Amino acid sequence: MRPDRFASMDTQKQSIVNLDTKSQLAKLIATENIEVQHNKVKTASFDTLNRILTLPLFKQQSGDVYDMLIAHECAHALWTPTDGWKSICEDKELRAYVNVLEDCRIDRMIQKKYPGVVKNYINGFDVLEKQNFFGTHDKDINKDLMLIDKINMFYKSSKRLPFMFSPNNKKWLGKIDKLKTFDDVVSLAKELLNWQKKEVENLKKLPDFDLHKIAENYGLNNDETDSDETQSSEDTQNTDDMSDETSDNSGDQEVESNDEEKKDTDKYQGTQAEAQEGGGSGVAPDKLTAITNDNYENELQKLYDTGDNAVEYNYFSLPNPMLDKAVISNKTFLKDMRTYVARECKRYSQSKEYYNWLIDAYKKFKNENKKTVMYLVKEFEMKKSATAYKRATTDKTGVIDPLKLKEYKYSDDIFKKLTILPDAKNHGMMMLLDWSGSMCDTIQQTTEQLMNLVWFCQKVNIPFEVYAFSSEYKTEDRIGRKSGAKTFQYKSGNGIMADVRLICLANNRCKKKELDESLMHLWHMAMCYTDRYTTMENYHKGERYYMPGEYYLGSTPLNEALVVLNKMIPIFKDRNKIEKMSLVTLTDGGANSSFSDKMMDTGKGLDAINQGYNKPVIRVGKKQYTIKEKDHYYRSSITTGLLLDIIKKSHGVSNVGFYVTKRFKSWQMSEFTPKGLDWKQRDEWLSKFKSNMNKQRYAQVDHLGYDKYFMLNGKKLKVENVDLNGINDKMKSGGIKRIFAKSMKNRLQSRTLLNKFIEEVA
């Protein structure tokens, strides 16, 4: 029978559950630092060692239902001992009674501790009862249910269902309200179970027992009923009276003595043995259960999303980077290069000749790019001023404007006006250069653009730091598995990362001479890699040195570098009083795959477990970062995007990415192609993309974590200045115009990265 009090639920608006948001409830409920995870599991579980509460993925359901379930599972995590529960699991009868009574206890405790969830329990139960989760819609709740089910429904409804408990049955409610520990629950469950067995025996003596609804509902009219069927006992109104009479002698006592309980247990065990041998009329022990609880648990399984399309998650937190090991200072970089160059020049006279040539070549390159730098400065100041005036406000003063005094008869606007410009913000910049092997054929062009950005920052007094992320600089673990990388400190729950080094190539604290020397060595290394694949003009042809082995190009630990930067950025901002911070990444694609392994406490210390390549969820403090889209990005790119998002939201950073490559193939673009396009729309998008790359030398695409992300044609990335050498006094004006126009076009196009950079910074 469905109570009328729940009919109003038809008009209730049911909000859709947001897992990322709702998981915060569990963290608030669990006063200790319990990590809440949602995953493709069939039941909730709690890892007491690592303090991880794993919850099933729920299908669309009311927010109150979800909150109620979360609160309930957190209560289990806090107050239900795992060992104690395991000890009673083998006894199916006792387990059912313990389950109901334990739910009563922990639900009361969680609602007392957090009164805000009381409303969730009330509304959540109403939704589930309306959906017949308890299987009571065809039953009279007062006549067709045993006491254990009445107790279950009474407490789950927050004592709102109209049960008619006899005085003797109310005594059981009083005992339930006094439950404090799990041991108390087990003791009372045994007492209630033994009492109920006696009641069943008395009921079976009735001549019309087989006609009673209780006998039908609980399968008590047939001793051979399958043991898995749900059964228990209470009676119709007539049997209620009889139950009260039977319980007068035993139910009046609050707690039976251990001896009496043992006698009852022993007596029942003997009856059970007789029943199994074919003698007696005892009820098989697994016939007594709580049908409302059984039905609820079966229906609850239907809420779990365990299908093939269910998303599986990898949960992890970030390890702590050790900056003293992860960051190679600019002084160390210069020391390494000076030591190497001195050694090579001592060994080969041609190397010394090359070094002298390198100094002159670098000075020439720097002078040629002064125009480029000044162009950047001009664009920056113009855009900054335009932005300032765009945000300017105009206020009237209390001073009369004499020029407008004549208009006083027909206008009130006769006062002087004051234009207020917003205060300028202190800019700051961090640049991250991909120092991986795949950059070898674009490293020269990328480095030259980067150097122009450095000189620009130097010119306008913007604090800056430039790092190359490397897997080669004295690394000990490039994979980052069981041994763990030396760059990071680990604790339970941390994702395991590969070793990484951030080499400081330049910063605003360098002296002018040191900065020039650092950039010269960077330029030299870039030329070395370019010279391996191309024939460079004006390049020194004699014997020359290469570079220290620690600075060879390696793999792509971009994600690892971002974890380190997440700790470095607030230090940089605080040191330089930065108000507007920009992070610029210069890469040729995605990062190494990360976080497939995670450190966990096994009880014998930390060890690595493999999580596979599921959807990553990064936990930072009480916040969790993940994406809603499924399979929109490669997993490593998802991780990159989430790390960038963490940096952006944690430190107020604007993320600008430049993807530099000489080759663009359709399969490469699958990561950036908008979702939901049919094959025709996809072809149109790719065609437009290729056109932009050919004409503009760049194309802007969307990428998780970046405020702006640009694809750059590495073949046409070299910075070019105006070349008018082709003009002579014999040329006509038309020819001069064409040469000048072509030169200016190349000049502007070659500044693609620089222009976009200035736009974002200004």
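The values are calculated or read from the model by the stated rules, or taken from the named source; none is laboratory data. Please read these numbers as outputs of a predicted model, since none were measured by experiment. As a convention, Cβ positions derive from the backbone with ideal geometry for all residues, glycine included, and neighbour counts pool all protein chains shown.
Points worth noting:
- Considering residues of the range 665-717 that are hydroxyl-bearing (S, T, Y) and closer than 22 Å to S637 by Cα only, the residue modelled with the highest pLDDT: Y706
- Y315 vs. criteria out of contact with any Phe, Trp or Tyr (no Cβ under 9 Å at 6 or more places or on another chain) and within 30 Å of S492 (Cβ to Cβ): yes
- For the range 229-241, the condition of being at pLDDT 80 or above, of a type in the set (S, T, Y) and assigned by TED's automatic domain parsing to the domain that holds L101 holds for none of the residues.
- Cβ-Cβ distances below 9 Å connect the following pairs, each with a first residue in the range 128-142 that is at positive phi, a second residue that is among the basic types (K, R) and surrounded by fewer than 21 Cβ atoms within 10 Å (Cβ to Cβ), and a separation of six or more residues or different chains: N132/R2.
- Every test in (1) at pLDDT below 85; (2) closer than 27 Å to H651 by Cα is passed by D395 save one, and that test is (2).
- Residues in the range 576-608 that are more than 30 Å from I443 (Cβ to Cβ) and within 19 Å of the chain's Cα centre (by Cα): 4 in all.
- Taking the numbered list (1) without any contact (Cβ under 8 Å) to a residue 24 or more places away in the chain; (2) over 17 Å from M68 (Cα atoms); (3) surrounded by 19 or more Cβ atoms within 10 Å (Cβ to Cβ) in turn, F154 passes all entries but (2).
- Helices (runs of 4 or more DSSP H) contained entirely in the range 251-362, each with at least 1 residues that are in contact with a helix residue (DSSP H, G or I) (Cβ under 8 Å, 6 or more places away or on another chain) and at pLDDT 85 or above: 291-303, 323-326, 330-347
- Candidate set from the range 107-139 (those that are polar (S, T, N, Q) and assigned to a helix (DSSP H, G or I)); member that is nearest to the chain's Cα centre (by Cα): N120
- Count of residues meeting criterion [in contact (Cβ under 8 Å) with a residue 40 or more places away in the chain and outside any helix (DSSP H, G or I)] in the range 59-89: 6
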